[in-house]
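Everything below concerns the one structure shown next.
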Amino acid sequence: MGRGMYPPQPTIYINNLNDKVKKEELKKSLYAIFSQFGEILEIVAAKNLRARGQAFVVFKDINSASNALRSMQGFPFYEKPMRINYAKKKSDAVAKLDGSYVAKDNKKGTKEKRKAPEQGGEAKRVMEKAMPMMGMMQGMMQGMIPPGMQPPAANNVPPMPPKPRPTPPQTGSEIPHKILFLQNLPPETTEMMLTMLFEQFPGFKETRLVPGRHDIAFVEFEVDQQASQAKQALNQFKITPKNAMSISFANK
């Protein structure tokens, strides 16, 4: 690969990504599979040709980044094995993809110019765009912004209580079955995102979404025992900070 392993730090660099995947879909899928390792502050990808097939995932701490690197190295992501390294440093990672990066031999006289987008509104813009979002629903958008980035509530205006979610008409079972029933999925869930989560378990066959219902889905395995293993590992897995996936066995 021609690139040695850099010292551990909270930002990981990923390449060999499928460059046919759209930018927003890529970021949502990366969030879905990496959020299990810890809090993600931002995910950075770019549209330009030179940076396609690459992304940076910024965790809150080094331990989360290290666990993600060890666990996901070589993971088949959109049919291509991911190559993961620690980034050189966060500022370079962001600057390279937003177009403000300056090579070290050309830095003289441009230091202040480069610092401005990292410390000002540009950094905030990159942060907000990096988080998974779809449908532009206010409640989901609020839940997808990392802690500390939410705008302050207006003075004298009490927060609106969240609307209760309707109880799905279908209920799962605790009797082992090769088909799993998934609930409490966020609106941006796609078949590909769920497939990437479950295909790491032996016996995975397919994922089925329910037309007209974004919050439920079915995942099928070859035998009951394989489905039980996936259920035990991924039940209550947080696809987003506000959506812990509930898994039960489908009714026989």
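The values are calculated or read from the model by the stated rules, or taken from the named source; none is laboratory data. Source: prediction; values computed, not measured. Neighbour counts run over all protein chains shown; Cβ positions are idealised from the backbone, glycine included. Surface accessibility is based on the protein's heavy atoms, side chains included, excluding ligands, DNA and RNA. Shrake-Rupley method; radii C 1.70, N 1.55, O 1.52, S 1.80 Å.
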Name the pairs: first residue in the range 63-77 and of a type outside the set (D, E), second residue open to solvent by 20 Å² or more (accessible area, probe 1.4 Å) and in a helix (DSSP H, G or I), Cβ to Cβ under 8 Å, at least 6 apart or on different chains? S64/F37; A65/F37; N67/F37; A68/F37; S71/F37
Restricting to the range 211-252, name every residue that is open to solvent by 40 Å² or more (accessible area, probe 1.4 Å) and among the hydrophobic types (A, V, I, L, M, F, W, C). F218, V223, A233
Any residue at all in the range 243-250 that's in contact with a strand residue (DSSP E or B) (Cβ under 9 Å, 6 or more places away or on another chain), farther than 20 Å from F77 by Cβ and part of a loop (DSSP other than H, G, I, E, B)? yes
The range 1-14, subset modelled with pLDDT of 85 or more and over 17 Å from M196 (Cα atoms), residue most open to solvent (accessible area, probe 1.4 Å): P7
The range 1-24: number of residues that are out of contact with any helix residue (DSSP H, G or I) (no Cβ under 8 Å at 6 or more places or on another chain) and not polar (S, T, N, Q): 12
Please go through the range 10-21 and pick out each residue that is part of a loop (DSSP other than H, G, I, E, B) and within 11 Å of L69 (Cα to Cα). P10
Got at least one residue in the range 183-199 being farther than 26 Å from K20 by Cα and touching a helix residue (DSSP H, G or I) at 6+ places or on another chain (Cβ under 8 Å)? no
Could you tell me how many of the residues in the range 232-252 are within 11 Å of L180 (Cβ to Cβ) and either of a type in the set (A, V, I, L, M) or touching a Leu at 6+ places or on another chain (Cβ under 6 Å) (or both)? 4
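Going through M149, M193 one at a time, which residue ends up being at pLDDT 65 or above and either among the aliphatic types (A, V, I, L, M) or surrounded by 14 or more Cβ atoms within 10 Å (Cβ to Cβ) (or both)?
On the way: M149 fails: at pLDDT 65 or above.
Just one listed residue meets the conditions, M193.
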